[in-house]
1. Compare S190, S99, S84 in a GNM of the chain, Cα atoms joined below 10 Å, and give the one with the largest fluctuation.
2. Using a simple charge model, +1 on the beta-carbon of Lys and Arg, -1 on the beta-carbon of Asp and Glu, nothing else, what dipole does region 100-228 show about its Cα centre, in debye to the nearest 20?
3. Taking the alpha-carbon set of region 160-228, what are its Rg and Dmax in Å?
4. Separation between the S190 and E144 pseudo-spin-labels, each 7 Å from Cα along Cα→Cβ, expressed in nm?
5. Determine the shape class of region 10-62: with a ≥ b ≥ c the square roots of the Cα gyration tensor eigenvalues, call it rounded for a/c under 1.5, and otherwise prolate if a/b is greater than b/c, oblate otherwise.
6. Sort out for me the Cα centre separation of region 59-74 from region 139-173, rounded to whole Å.
7. Using the Cα centre of region 1-149 as the reference point, and only Cβ charges (+1 on K/R, -1 on D/E), how large is the resulting charge dipole? Debye, rounded to the nearest 20.
8. Averaging sequence separations of C-alpha pairs under 8 Å and six or more residues apart, then dividing by the length of region 1-150, give the relative contact order as a whole percent.
Amino acid sequence: MNVKTQRLDTIRTRIASACAAAGRDPEEVRLLAVSKKQPAGLVRDFFELGQVAFGENKLQEALAKQPELEDVPIEWHFIGPVQSNKTRDLAANFDWVQSADRPKILRRLSAQRPDGMNPLNVCIQVNVDREPQKAGVAPEQLGELVALAEELPGIRLRGLMAIPRLTRDETEARASFRDMKRLYDELRRSGHRLDTLSMGMSADLELAIEEGSTMVRVGTDLLGPRPA
Ligand SMILES: *Cc1c(COP(=O)(O)O)cnc(C)c1O
């Protein structure tokens, strides 16, 4: 097995083991390969191994990479902070935007999704640990954004995304994931048809899956260390 096949295999095994430990069906957890800072050739190699969904966090970088991969049906996810002057390109070039976090962004993505394309899949990013410098809506403002996203044409609300604070403390990390799961469950219980809770990265995907993640976003441990 070459190193790419091996890395993909290892991540799939980690996901499957975490699901087994949590008594969950591994089909419930999708893998998003985070290809930021990685070359298009590497994305192609992983696509050929069966990985379909890739995530980018910088628009310009993604727009430079995508033309080289036009011949492969990649599912592109945007996971970086969204500036309002970037929404037109996001709406035209991505399948998912996971980091919508304010009304203006939702309205622009909706209005700018080109006619004839499927609705843009959207997750709302939640600033679950209320970090001042971090993108994401405050938990108490989530309800309003969810209601708006559901009524706008051109976009389809799929769920929530979070990047919890960096911590080595497992109890703290678990608490953030648990807060997200509670918000997600509350919304679903009150009738919102969400199917995506995007949380967990290379270092903490097991913990995130244990706490209810349905999509882990893995860069380093899947594609390898990012070039400087
Ligand atoms: C970079 C990044 C990841 C992946 O991080 P790794 O630690 O390399 O797995 C996941 N989500 C977001 C939003 C990122 O920016």
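1. Judging by the Gaussian network model, the answer is S190.
2. 480 debye
3. In order Rg, Dmax, the Cα atoms of region 160-228 give 13.0, 45 Å.
4. With each label point 7 Å from Cα toward Cβ, the separation is 1.4 nm.
5. prolate
6. Using only Cα atoms to place each centre, the spacing works out to 26 Å.
7. Working: 20 positive and 20 negative charges, 89 e Å.
Value, rounded to 20: 420 debye.
8. Computed value for region 1-150: 14 percent relative contact order.
We did not get these values from a lab; they are worked out from the coordinates using the rules stated. Quick caveat: nothing in here was measured; it's all calculated off a predicted structure. Using ideal geometry, Cβ is built from the backbone for each residue, glycine included, and neighbour counts are taken over all protein chains shown.
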